[in-house]
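The values are calculated or read from the model by the stated rules, or taken from the named source; none is laboratory data. Just so you know, these numbers come straight off a predicted model, no measurement behind them. Note that we place each Cβ from the backbone using ideal geometry, even for glycine, and neighbour counts take in every protein chain shown. Please note that ligands, DNA and RNA were not included when accessible areas were found on the heavy atoms of the full protein model with its side chains. Shrake-Rupley method; radii C 1.70, N 1.55, O 1.52, S 1.80 Å.
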Number of protein chains: 2
Amino acid sequence: MAEIQANNLLSKIASGDGHGEESAYFDGWKAYDKDPFHSSKNPLGVIQMGLAENQLCVDLVQDWVVKNPSASICTPGGVDGFKEMANFQDYHGLPEFRNAVARFMEKVRGDRVNSDPTRIVMSGGATGAHELMAFCLADPGEAFLVPTPYYPGFDRDLRWRTGIQLLPIETLSSNGFKITKAALEEAYNKAMEAGIRVKGVLITNPSNPLGTVLDKDTLVLLLTFINHYQIHLVCDEIYSATVFSDMPNRFTSIAELLEDGEVPCNRNLIHLVYSLSKDMGFPGFRVGIVYSYNDAVVNCARKMSSFGLVSSQTQHLIASMLSDDQFVDKYLSESKKRLATRYKFFTWGLSMVGISSLKSNGGLFLWMDLRRLLQEPTVEAELSLWRVIINEVKLNVSPGSSFHCSEAGWFRFAFANMDDKTVDVALRRIRSFMVKGEEAAAGDKPTVVAKKKKCWQMDLQLRLSARRLEEVMSPHSPLPLSPLVRTRT
Amino acid sequence: MAEIQANNLLSKIASGDGHGEESAYFDGWKAYDKDPFHSSKNPLGVIQMGLAENQLCVDLVQDWVVKNPSASICTPGGVDGFKEMANFQDYHGLPEFRNAVARFMEKVRGDRVNSDPTRIVMSGGATGAHELMAFCLADPGEAFLVPTPYYPGFDRDLRWRTGIQLLPIETLSSNGFKITKAALEEAYNKAMEAGIRVKGVLITNPSNPLGTVLDKDTLVLLLTFINHYQIHLVCDEIYSATVFSDMPNRFTSIAELLEDGEVPCNRNLIHLVYSLSKDMGFPGFRVGIVYSYNDAVVNCARKMSSFGLVSSQTQHLIASMLSDDQFVDKYLSESKKRLATRYKFFTWGLSMVGISSLKSNGGLFLWMDLRRLLQEPTVEAELSLWRVIINEVKLNVSPGSSFHCSEAGWFRFAFANMDDKTVDVALRRIRSFMVKGEEAAAGDKPTVVAKKKKCWQMDLQLRLSARRLEEVMSPHSPLPLSPLVRTRT
């Protein structure tokens, strides 16, 4: 018997591959980890554009921290609170933390919603929050519907240890990846036919990877749909403060629509996932939040939060920081401004070489349309192009297939996790890649880009000279020629 | 169909009571929460003796913190690290954190083991670590054997969301609650007969609630047993630095025995759970550690750690603090000294009123023998006495039944989560309770204590006068008469 057992010492979860780390999304990270770009120490390394991080306003936070020593239990001004914080283990969280986070959530929702601090439940980042939701709402084998493309981590967060399923709601580029009633019904009916019980719909608003926000009509559609079937709606709004413009749609939280009361809906079905990882740029601090309108879920989620409470040291800091109205207001407005500038600069630079992206107004990334560069519209071709981008252009970007996108040729480029100089280098590499492709096309070299010669020639902007492009793209940081160009010419 | 679904909107986990918050252990906490003792603001309130917290050396930590401003990213000296820390999200953890924790684990194990930093996996406290272990090692329905009495939280941590079972290994007071081969075999065979697959044994060393450490013979027995059946051994050693004496047994980590190699054993079966909540007194910081000798488990646990990573702000602080050898050495020796003093003072005070406890040399609590005060040796009688202690004596202590103890009449009294003055108040309340009982016995009032008159009279020490007791117990903090006595006389 001992021998039989030795063959399966571990659990099925541990023996299986449900974590999904084999996805291309994570492969790209590994490539970056092996050879990370550094402007002086490793200028030929891989630039990390696979990481949706918000590093544009950290200076504001640092200033605040130094000016507010009592926010830390590790300063002479704050150390009197050390003992209380070190020992604090109430899973309700510090009252001042819950109050400050609730108020912050109201602010990033344009003060059009009320957030009740007693509904704030802590979790280990949004990662923990999503798993917690899945454990609360569904049994193994039951399913959530998720519009594609969606964040690859959901497969780990919601499915891995819970045994629930995620079933796609297909969207298409032809209408800007909007969720339609037909697609919702189709996904639901498909599950029913397969004998799978649908327990809810999971949306991300603003969307990762699209960077778009859901318009009001779509939110109404979703509320009506889930209320009709009496299934849950989990709304991941972790990018809500990254919305830098009201065009084409202003950000509307599901909370706003619910509180308006326009659409009749069972409130017990509505749950928000929030976090400070994206909106404040603090992924390391692991501040995840579940905010549910369902009392039983709040109660159960709070008990589950014991598995991923926020460090009291961090609760204390966040409570102080987010209670400072003046700071928060300044941070939010400055952050929008800087994200808008970065977005414009990046999309402009790309348009100069004929690359377009989905029009968006939130998130920390672009959803780039590289379909023209594919040899054929398949996932295989997309991954071939992705390998070239990783290994030759040396940019870690994320292929659409890793987001379960139903169309091949889309890529997510993160743009807020680097400084201006690194953006310059990235844009030059892209330019160089495209120019090389054009030259190869002229000389009939069989490269990926050359094979797409016809498409290229349709794009007049491509004919901009490299010189002009450089002038246009880098007004503020005149770098030498791209290192990639230098080493290859 | 919508109606049918509305009846079970939530998961079975959320609808069930697997969390175990209805246990008396947690009821006591609630009683405390409603009416917490404070020396000046609420002197008649409930004293929290249900909380195994280590507050005796927080002054040393505070001193260190103020002297080491660069350990915090929230000081002018450390703020340069803010950006890196805020953005740090590698689930391997900061290298300096892993190194420092590994070294600390070696120190608290008397430098008789090697801890490999690459095996350090983070989790959300020991709570998260235990769940993580259960997810890695067993499938729903499978079981771990656990010697009783054991920490009530295990029912939540290991069973609730994983669906695994905990089956008791019975121990008895007659041999000091030691684990015997017969009890191990009995528990294993009982499971087999019930068709339950046993996946491992879970031990706590030092024991919570006993405060004892496992002697080497018992560790050898356990290693031999689990190796014979090729099942896992999870060793919770979160109290290892609370061992304040080598008598009656010095603390031996399972790691020490394994590395000695005396007992042949498959290393892949051995896993440690560790934390800084007890040994450093930082439960609020949520630093849990899984340390496994099995590479596949390390790998899987690391992936699971995404659900409960330690805040990078806290990792940074802990890395700096535990890298300071001089501080760590001083802290460990001073902590032992203060715990020993508190233990001696508390047990002495209790012995003065004829209450004895299990001889122990670790933990932050006493395992108190109140069997003589029970009307009959049943759980019901134990809970009756417990209600009197909570509601009349106003001490939140934890009844043995909440620890699944197989004998009625044992109670856990935590003693390291309060200052000396509060210990005085607690001891006076106990004394007053006992004296009242004696008086009632003399007047034949039908109180719990009176009914045990015979037992009392067997204990000569009880006849100490209240005056003498006061002199003996409070040499350092002459308090007025117990408020409980004052208000009732």
What is the ratio of the Cα radius of gyration of the range B:196-242 to 2.2 N^0.38 Å, where N is its residue count, to two decimals? 1.21
Suppose you put the label 7 Å out from Cα in the Cβ direction; list, shortest first and in nm with one decimal, how far B:Glu193 is from each other copy's label. 5.3
Between A:Glu334 and A:Ser15, Cβ-based FRET efficiency (R0 51 Å, step 0.05) works out to 0.55
State the Cα centre-to-centre distance between the range B:269-347 and the range A:84-123 in whole Å. 28
Scaled to the compact-protein estimate 2.2 N^0.38 Å, what is the alpha-carbon radius of gyration of the range A:75-324, rounded to two decimal places? 1.01
Dividing the mean separation of Cα pairs under 8 Å (6+ apart) by the residue count of chain A yields a relative contact order in percent of 21
Okay, helix-only estimate at 222 nm for chain B: each DSSP H run of n ≥ 4 adds -39500 (n - 2.57), divide by all residues, round to 500 deg cm²/dmol; what do you get? -12500 deg cm²/dmol
Of the GluC sites (Glu not before Pro) in the range A:12-86, those whose Cβ has at most 16 other Cβ within 10 Å and which sit in DSSP loop: A:Glu21, A:Glu22
Quick one: of the DSSP bridges fully inside the range B:75-324, what percent are antiparallel, nearest 5? 35
Using each residue's phi in the range B:286-297, evaluate 6.51 cos²θ - 1.76 cosθ + 1.60 at θ = phi - 60° and report the 3J(HN,Hα) Karplus result to the nearest Hz, with x for Gly and Pro. 6, 9, x, 9, 10, 10, 10, 8, 9, 4, 5, 5
Just to make sure I understand: if all protein chains stay in place, what is the order of B:Arg387, A:Arg372 by accessible area at 1.4 Å, largest first? B:Arg387, A:Arg372
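Going by accessible area, probe 1.4 Å, with all protein chains left in place, what is the ranking of B:Arg103, A:Arg431, B:Arg197, largest first?
B:Arg103, B:Arg197, A:Arg431
Once the Cα gyration tensor of the range A:320-365 is diagonalised, what are the square roots of 5 times its eigenvalues, in whole Å and ordered largest first, as equivalent ellipsoid semi-axes? Kindly include the intermediate steps, with their values, before the conclusion.
On the way: eigenvalues 188, 16, 8 Å².
The equivalent ellipsoid of the range A:320-365 has semi-axes of 31, 9, 6 Å.
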Over what distance in Å are the Cα centres of the range B:130-174 and the range B:182-259 separated? 13
How much solvent-accessible surface does B:Ser323 expose, in Å² to the nearest 10, with a 1.4 Å probe and all protein chains in place? 70
Relative to the longest principal axis of the C-alpha atoms of chain B, give the angle of the C-alpha long axis of helix B:24-34, reported between 0 and 90° and rounded to the nearest 10°. 70
What's the angle, to the nearest 10 degrees (0 to 90), between helix B:420-442's Cα axis and the longest principal axis of chain B? 40
Place a +1 charge on the Cβ of each Lys and Arg in the range A:75-324 and a -1 charge on the Cβ of each Asp and Glu, then give the dipole magnitude about the Cα centre in debye, rounded to the nearest 20. 380
Find the all-direction average of the projected area of the Cα convex hull for chain B, expressing the result in square nanometres with one decimal place. 27.0
For B:Asp236, distant residues with modelled amide H under 5 Å away: B:Ile203, B:Thr204, B:Asn205, B:Val273
Placing +1 on the Cβ of each Lys and Arg and -1 on the Cβ of each Asp and Glu in chain A, which of A:Thr212, A:Ser311, A:Thr75 has its Cα farthest towards the positive end of the resulting dipole? A:Thr212
Relative to the other copies, what are the label-point distances for A:Lys359, with labels 7 Å from Cα along the C-beta vector, expressed in nm at one decimal and sorted shortest first? 8.3
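Two decimals, Cα atoms only, Kirkwood Rh: what is Rg/Rh over the protein assembly as shown?
Working: Rg = 30.7 Å, Rh = 30.4 Å.
That ratio is 1.01, to two decimals.
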Could you order A:Val198, A:Val58 so the one with the most accessible surface comes first? Probe is 1.4 Å. A:Val58, A:Val198
Shortest first and in nm, the label-point separations between B:Ser173 and its counterparts in the other identical copies (7 Å out along Cα→Cβ) come to 7.6
Area accessible to solvent at B:Ser245, 1.4 Å probe radius, in Å²: 40
In the protein assembly as shown, what % of DSSP beta bridges are antiparallel (nearest 5)? 50
Once R0 is set to 56 Å, what does the formula 1/(1 + (r/R0)^6) return for the Cβ-Cβ distance between A:His92 and A:Arg387, expressed as a FRET efficiency to the nearest 0.05? 0.70
Compute the angle between helix A:379-391 and the longest alpha-carbon principal axis of chain A, please, reported from 0 to 90 degrees and rounded to the nearest 10. 80
Along the three principal axes, how long is the range A:203-327 when you take its alpha carbons, biggest first, rounded to the nearest angstrom? 43, 37, 27
DSSP-loop GluC sites (Glu not before Pro) across the range B:191-276, with at most 14 other Cβ within 10 angstrom: B:Glu262
A:Phe415 accessible area, assembled protein chains, probe 1.4 Å, Å²: 0
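Output the antiparallel fraction of DSSP beta bridges having both residues in chain B, as a percent to the nearest 5.
50
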